Amino acid sequence: MRVSEFIKKSLIRLANDVRRNIKRVIEGRDPEAVHDLRVSVRKLRTILRLLRKFFSKYYTNIIADELKEFFDKTSTSRDIEVSLALIGDMGIAKQDNRILEWYEKKKKAEYELKVELINYLRSNPYNVIWKKINAILLFPLKVEGDRKARELVIRRIRRIESRIMKLISEINSDIEYSPEMLHSLRILCKRLRYSIEFFKSLLPQGYEEEMKLMKRMQTSLGNLNDVFVVSNIVKYDNDLDDGLKLKMLNALQEKQIGYLSEIRGIFQTMI
């Protein structure tokens, strides 16, 4: 298969993954549907930005920006979903009736936000984006020749790899392990993983292990990011008094320490 044909077929497959996940969210039966929708949108947006050299940068940027707006509509619902899952797994709601009361109130808020999200998705906002993606596929790729296309893909992937290694070095020199830097690293790891997954058949051997490492890193950084998100929700929640906040934040701090230890271990295998 020619590279141009492969890219176009793979891109439409990602676009259709978003449509399928929208349908799952609307059906309301799968608790992982919102998460999977967000992942599929993020993958599509990442690949569109990577393909700016293949399609018109102007059009790919427009679509990527519209996908970002679409993605942001799912954020609040997902943040509460993450809060409930993490607090539930930690078991602290069962230890204190006041935390349990807060937990039940958040469950009600999650339901209301999910209803809002479903109503938004039923208005079919993604359809315009899907049509624009199909429209750009009608144009020929700007990069001519399979060899040149492969070289461009590898060059862009190596650029992401270089940024990851530079950021890991900076994070290791920071005793506090800045949440902002860890978040940036998480985004870059996703970008590299999704790029390798998308272009796997065009890449030389050896990228499978790197993809597995990025998945492991992404999981640990994602778990840590969930702790940061939930900690901020707890910290600024007016329904919790200072004593309850302290109790919950201390429990979250223990989770944070564990995830940071995992991340340090992964760093050691990469340096």
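The numbers here are math on the coordinates, done by the rules we state, and not lab data. Everything quoted here is computed from the prediction, not taken from an experiment. Glycine gets a Cβ as well: all are built from the backbone with ideal geometry, and neighbour counts include every protein chain shown.
List of remarks:
- Distance between modelled label sites at GLU32 and SER173, nm, 7 Å Cα→Cβ extension: 4.0
- Contour excess over end-to-end distance, with Cα ends at PHE228 and SER184 and 0.36 nm allotted per residue: 14.5 nm
- Here the stretch 145-271 is assigned +1 on the Cβ of each Lys and Arg and -1 on the Cβ of each Asp and Glu. Its dipole about the Cα centre then comes out at about 880 debye.
- Per residue, the Cα convex hull of the stretch 145-271 amounts to 109 Å³.
- Whole-number percent relative contact order across the stretch 145-271, with pairs defined as alpha carbons under 8 Å at least 6 apart: 22
- Take the Cα of ASN250, go 7 Å toward its beta carbon, and the backbone nitrogen atoms of the stretch 77-94 under 17 Å from that spot belong to 90-94.
- GNM flexibility winner over the chain from GLY206, GLY91, GLY222 (Cα, springs under 10 Å): GLY206
- With contacts taken as Cα pairs under 8 Å and at least 6 residues apart, the chain reaches a relative contact order of 21 percent.
- Across the chain, counting alpha-carbon atoms alone, Rg and Dmax equal 20.7, 65 Å.
- Extension gain, TYR111 to SER261: 0.36 nm times the residue separation minus the Cα-Cα distance gives 50.6 nm.
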